[in-house]
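As structure tokens, the structure follows; a few thoughts come after it.
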Amino acid sequence: MHAAQERSEPLSDAHTSRFVDRSDYRSTVNEGLAPIFMSIQFRKGTKRPALQTESAGNSERPLRYRHVWQAVGWFMVAVVIWLSLTPAPPEPPPFLAWDKANHSIAYAGLMYWFWQAFQRHWRWPLFLFVLGVGLEVLQGLGGVRMLEPYDMIANSVGILIGLALAHTFLGTILAKIDALLSRKRGGEGNSG
């Protein structure tokens with residue numbers, strides 16, 4: 001009976017004050033997060049949000065030649081795969097003789113390109129990271145070339161550099177080239 005009486009008694013002010021503090025905290029957090037959640041738009045027919053991304057302060061516009069830019073990106077991936085797995089890759093120019101710099105530059109270029117040519121998503125850095133690690137493992141299994149953990153680190157550093165570049169004013173270059181080509185093609189069609 002004693003335990004039942006304790007449960008039925010109202011909570012004292014000391015007990016309820018901590019809950020009031022939590023609700024105040026929640027409302028403060030929710031007010032701060034409201035603009036972020038309100039900027040998420042849902043795609044028609046799905047429950048997955050279509051995130052509005054921005055690059056260097058400019059909202060992202062769809063690329064007219066998106067398929068061309070994406071094909072160039074996949075060609076770049078094919079070149080990196082070939083360079084990574086061929087038994088005797090071509091010699092780099094003398095100013096790029098350091099192997100780790102080659103890895104970083106290649107993966108920075110891939111990340112920078114993919115971030116602009118495809119929908120911006122966390123899957124691209126993850127894909128390139130898995131690609132870099134996978135290619136290094138395949139090199140080790142091939143017997144001709146060696147698995148080098150420092151190459152994996154250089155690949156990862158390159159991915160971070162590419163992401164950083166894509167979040168600067170340089171991250172809009174592909175969109176500007178695409179818009180320029182679109183205008184030129186549109187101008188040719190109207191004049192002829």
Charge tally in the Cβ shell below 13 Å around Arg145, where Lys, Arg are +1 and Asp, Glu are -1, Arg145 excluded: -4
Convex hull volume of region 63-191 per residue (C-alpha atoms, cubic angstrom): 124
Residues Glu91, Glu148 arranged by fewest to most Cβ contacts within 10 Å: Glu91, Glu148
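Only the coordinates and a few stated rules stand behind these numbers; no lab work does. These figures come from a predicted structure and were not determined experimentally. Every residue, glycine among them, receives a Cβ derived from its backbone with ideal geometry; neighbour counts consider all protein chains shown.
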